[in-house]
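The values are calculated or read from the model by the stated rules, or taken from the named source; none is laboratory data. Treat the numbers as computed from the prediction; the structure is a model and nothing was measured. For neighbour counting, all protein chains shown are included, and Cβ atoms are generated from backbone atoms with ideal geometry for every residue, glycine included. These area figures cover heavy atoms from the full protein model, side chains too; ligands, DNA and RNA do not enter into them. Shrake-Rupley method; radii C 1.70, N 1.55, O 1.52, S 1.80 Å.
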Amino acid sequence: MRRLAGALSGALVMAAIIAVWQWRVTAHPVFFLPAPSAVWDRLRTDWLSGPAGHLFVTGTAWSAIRQTFETALAGWFVASCAGVAAGAAIGALPAVRDYTGAPLLLLRSTPPIVVVPLSIAVLGVGTAMHLTVVVFSCLWPVLLNTAAGVADIEPLQVDVARLNRLGPLRRFFRVLLPAAAPKVFAGLRVAMSLAIVLAVGSEMFAGTGGLGGAALQAQTTFDVPALWATLAVLALFGVLFNALFLLIEKYALRWHVLRSTQ
């Protein structure tokens, strides 16, 4: 009941914001801020005028959405695997943590957008460039959260695992990874948001299609309603992916919630 009330309150606040926005822009038009009704008309025309079998999404829209989110998810998956493995090694081995501290500080402080022109120069414009940008950006929150989670594990748990003659691989999956799971999932969630943002950003920088390419085209032609419609599609899919990930996280960490409430 409380969640329903919270969702209803949020919907009412959003409706009030849209109503005020519509009134303000209608009374005093602003070129770069179209009315919500104009954005909806463009959203329906460009994105939601397809057949019912495709959920009313046009073929061009599906192609752009698929390109962006395939890049984002593939880059996120690669960064997640590499980040969890490297973070576990750094967190579990103090010597590795000491040697990698300075390089990690330098790399994680590098703005992700700086990697885009470098990737274009080395890899050219294409899938490899987009994936490189997403992987570089998503790697650090996963790696650092995993390292912190593993480093915070009680030494007694590791000692008990060793006494039970668990090998390194079994210790990783049965002791280290479950104990660090809450922080690992926090890093994965942050990385998911970064993956979507950087996938769109790299597409806009290179002008290679996808949602970023659609936004760039609308921007260069000063088609403001089309730009806002593209941003609305991006926001909608971002919310859906975040909600799906929260459900997966809740299911995966149900044991942690139960233990913390006991």
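Between residue 153 and residue 9, what FRET efficiency follows from the Cβ-Cβ distance if R0 is 25 Å, with the result rounded to 0.05?
With R0 = 25 Å, the Cβ-Cβ based efficiency is 0.05.
If you line up the long axis of helix 224-252 against the longest principal axis of the chain, both from Cα atoms, how many degrees apart are they, to the nearest 10?
30 degrees
Modelling each spin label as a point 7 Å along the Cα-to-Cβ direction, I'd like the residue 123/residue 49 distance in nm, to one decimal.
Placing both labels 7 Å along Cα→Cβ, they lie 3.5 nm apart.
Mind listing the phi-derived Karplus ³J(HN,Hα) values for the range 97-112, rounded to whole Hz, using 6.51, -1.76 and 1.60 with θ = phi - 60°, and x for any glycine or proline?
Whole-Hz 3J(HN,Hα) from phi for the range 97-112: 5, 5, 6, 9, x, 5, x, 5, 4, 5, 5, 6, 8, 6, x, x.
Would you mind checking the range 64-83 for residues with the amide N under 13 Å from a putative spin-label position 7 Å along Cα→C-beta of residue 108?
It comes to 83, nothing else.
Which value at 222 nm does the chain reach when only helices count, each DSSP H run of 4 or more adding -39,500 (n - 2.57), with the total divided by all residues and rounded to the nearest 500 deg cm²/dmol?
Dividing the helical sum by the residues of the chain leaves -27000 deg cm²/dmol.
Please give the length that would be gained between residue 56 and residue 93 if that part of the chain were fully extended, namely 0.36 nm times their separation in residues minus their C-alpha to C-alpha distance (nm, one decimal).
8.0 nm
Kindly report the accessible area of the chain per residue (heavy atoms of protein chains, probe 1.4 Å, no ligands, DNA or RNA), in Å².
59 Å²
Give me, ordered by chain and number, the residues 5 or more places off residue 58 or on other chains with an amide H under 5 Å from its own placed amide H.
For residue 58, whose amide H was placed from the backbone, the distant partners under 5 Å are 48, 49, 50.
Which whole-percent values make up P(r) of the chain when all C-alpha to C-alpha distances are grouped in 10 Å steps starting at zero?
7, 22, 27, 23, 14, 6, 1, 0
Can you give the FRET efficiency to the nearest 0.05 for residue 219 and residue 63, using r as the Cβ-Cβ distance and R₀ = 22 Å?
For residue 219 and residue 63, the calculated efficiency is 0.70.
Using the alpha-carbon atoms, what tilt in degrees (0 to 90, nearest 10) does helix 59-92 show relative to the longest principal axis of the chain?
Around 20 degrees separate the two axes.
Compute the distance from the alpha-carbon center of the range 186-209 to that of the range 111-151, in whole Å.
10 Å
Starting from 0.36 nm per residue, how many nanometres of slack lie between residue 254 and residue 33 once their C-alpha separation is accounted for?
75.2 nm
Pairwise over distinct Cα atoms, reciprocal of the mean inverse distance: report the Kirkwood radius of the range 1-103 in Å, one decimal place.
18.9 Å
Using 0.36 nm per residue, how much length does the chain from residue 41 to residue 232 gain when fully extended, once their Cα-Cα distance is taken away?
Full-extension gain reported as 67.5 nm.
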